[in-house]
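The values are calculated or read from the model by the stated rules, or taken from the named source; none is laboratory data. These numbers were taken from a predicted model, which means no experiment stands behind them. So basically every Cβ, Gly included, is an ideal-geometry build from the backbone, and we count neighbours across all protein chains shown. Each accessible area value is taken on the protein alone, full model and side chains, heavy atoms only, with ligands, DNA and RNA left out. Shrake-Rupley method; radii C 1.70, N 1.55, O 1.52, S 1.80 Å.
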Amino acid sequence: MLHRVPVALVALSMLMSVLLRPTPLAAAPATQVPAASVASAPLPTEPTGAGRVSSSSSSSAPSAASSPPSAAASVPSIVVQRWFSVPRVNGHLASRDLGLLINTDDPYSVQVGEYYAKARGLPESQILRVKLPIKSALTREEFTELSEQINSFYGDRVQALALAWRLPYAVDCNSITGAITLGFDAKLCAKTCAPPSKPSRYFGSASTRPFKDYGMRLSMLLAAPSFNSAKAMIDRGVQSDGTMGLRGAPPANVHLVSTSDSVRSVRQYLFPPPGPVPQLGLNIHLDKTDALKNSSRVLMYITGRAQVDYIDTVDFLPGALADHLTSFGGMLDKPHGQMTVLSWIDAGATASYGTTSEPCAHLQKFPHPQALLLFYAQGGTALESYWKSVAWPQQGLFVGEPLAAPFDRSAVEQTSASR
């Protein structure tokens, strides 16, 4: 069954295509101002109330979201924070839907993969052992061989993949998660600032069966600076299941940060209104600062800077999502002067996102804060929520514990029933 993307998100995708000139983020000075400073556009379907989830989840395929957004959207001149709507989602991916890839030539991969299989109860039938070079990027030929192994081994048995390694993280200019899930986009490598030829049809979707519905086997890298850091990340993901939105529990904090780096802070135009969202057990904070310090009970930290200070002082909750909009957050092993996603993981986040080649200032290439939050708050996994929040994910590296689901009510019900 295929699912329609809400009109609000289609309009948003059109808006994002004209929000900025494609400024190379790596070269953008902190004082540079976006070509069009816009908070949000009037939506064809006006949201009403905090954290809106639309009641329908249509069975027809998305159309406008399956091709690059038009540049014809009108752009208002006044910043207005408002909630966008996302479709209601029933269910989420589980261990039975997840395949695990282990690189037998990489000691880190073997150690992390074996630990993850045990932590999530993955049987041997869902584990594919491969031999890959331990380097930044696979060649196109190496990737073709890997892709054939994946398809031959799994067929239609799994909807998503956990990749138990740090390297490789790319295939030429594509991220390895983008190439595995969407297929390799060779045209994009001629000009990485351009829109991809393969936008994600899963963006904003109500689907819980991405491979069955869209032919997209979602993927996420189990990457961390060390085995101990990866083990802690996995433990946080497992521990997080069903821990959010509980009656009587203190609220979790969502920090959406606008920094002095105006180009990298463009997602502020997609932030919702600040304040408590009691039905989700959340407090939304719109912070204007270059870095949070000593913040407590943080479930989400979204910002934009090349380097983010003091993240080691942040009290991340199990299942926390955190990322920063910059050029090379997904380039894990090369000196480029920018913080990578591994710093978020090491600081206590459970999942993150960063690009592996110069994306320029296209908002579609980064997670939409509201989509990320609202899909997660419906009980989705970190893997699903991150993938549903990015319209153009070809260059984006998804990193973390895929099955973390803090708002999963079924986990709470199972725990109660076992008592």
Residues being within 11 Å of ASP241 (Cα to Cα) and either at pLDDT 95 or above or open to solvent by less than 10 Å² (accessible area, probe 1.4 Å) (or both) - total across region 370-417: 10
Expected output for region 304-328 (first residue open to solvent by 40 Å² or more (accessible area, probe 1.4 Å), partner hydroxyl-bearing (Ser, Thr, Tyr) and not in a helix (DSSP H, G or I), Cβ below 6 Å, 6+ apart or cross-chain) is ARG305/THR259; ASP315/SER296
Is one or more of the residues making up region 225-233 assigned to a loop (DSSP other than H, G, I, E, B) and either modelled with pLDDT of 95 or more or touching a Phe, Trp or Tyr at 6+ places or on another chain (Cβ under 9 Å) (or both)? yes
Take region 107-139 and flag every residue that is surrounded by 15 or more Cβ atoms within 10 Å (Cβ to Cβ) and of a type in the set (Lys, Arg). ARG120, ARG129
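Can you tell me how many residues in region 352-372 are in contact with a Pro (Cβ under 8 Å, 6 or more places away or on another chain) and in contact (Cβ under 8 Å) with a residue 60 or more places away in the chain?
Number of matching residues: 8.
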Can you name the number of the only condition in (1) over 17 Å from the mean Cα position of the chain (by Cα); (2) open to solvent by 10 Å² or more (accessible area, probe 1.4 Å) that VAL171 fails? (2)
Mind listing just one residue for me: the one in region 86-106 that is aliphatic (A, V, I, L, M) and in a loop (DSSP other than H, G, I, E, B) and, of those, least open to solvent (accessible area, probe 1.4 Å)? LEU93
In this structure, is ALA194 under 23 Å from GLU401 (Cα atoms) and aliphatic (A, V, I, L, M)? no
So is TYR154 among the aromatic types (Phe, Trp, Tyr), surrounded by fewer than 22 Cβ atoms within 10 Å (Cβ to Cβ) and either modelled with pLDDT of 95 or more or over 15 Å from GLY396 (Cβ atoms) (or both) or not? yes
I'd like the full set of residues that are out of contact with any strand residue (DSSP E or B) (no Cβ under 8 Å at 6 or more places or on another chain) and either without any contact (Cβ under 8 Å) to a residue 12 or more places away in the chain or outside any loop (DSSP other than H, G, I, E, B) (or both), limited to region 143-178. THR144, GLU145, SER147, GLU148, ASN151, SER152, GLY155, ASN174
Tell me which of these THR355 doesn't satisfy, since it passes every other one: (1) closer than 22 Å to CYS193 by Cβ; (2) among the hydroxyl-bearing types (Ser, Thr, Tyr); (3) out of contact with any Lys or Arg (no Cβ under 9 Å at 6 or more places or on another chain). (3)
